[in-house]
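Some notes on the structure that comes next.
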Amino acid sequence: MAESKSRMPALPAQSDCDTDQPALTLHYSWDHADYTGLSWYLSQIDWQSLISYNLTADTLWSSFCKILQTDIDMYVPTRHIDPRISSVIKTQNCKKISQTHQAGHE
């Protein structure tokens, strides 16, 4: 039986984690998303019924967000990133961009 794209491995329970370690953050890999699948899923929604059955702005917004999140979970791959490593990489990339930008203005 094929696994669903949205199935993620379970993260350890809080008691299993070292409390000094930061939690992993979830990042969507939009560059690897299945945009055809995203589009198809949204085309299958009965938008008229959604509007008809959600009589307040709050319930309509909530339903809309649930639909989008379901679509994203099915067609956009994710990865868990350690924020400590991510911030080091971002800092290194910012320094490179800054140096390149400064070199271009000399």
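The values are calculated or read from the model by the stated rules, or taken from the named source; none is laboratory data. Because the structure is predicted, anything quoted here is derived from the model rather than measured. FYI the Cβ positions are ideal-geometry reconstructions off the backbone, even for glycines, and counts take in every protein chain you see.
Side notes on the structure shown:
- Among the residues of this structure, TRP30 counts as one that is at pLDDT below 95 and surrounded by 10 or more Cβ atoms within 10 Å (Cβ to Cβ).
- Failed item in (1) at pLDDT 60 or above; (2) loosely packed, with under 10 Cβ neighbours inside 10 Å; (3) of a type in the set (Asp, Glu), with GLU3 passing the rest: (1)
- Some residue of the stretch 86-106 being among the hydroxyl-bearing types (Ser, Thr, Tyr) and modelled with pLDDT of 70 or more: no
- Candidates in the stretch 33-53 are the residues that are within 23 Å of the chain's Cα centre (by Cα) and not hydroxyl-bearing (Ser, Thr, Tyr); of these, the one that is surrounded by the most Cβ atoms within 10 Å (Cβ to Cβ) is LEU38.
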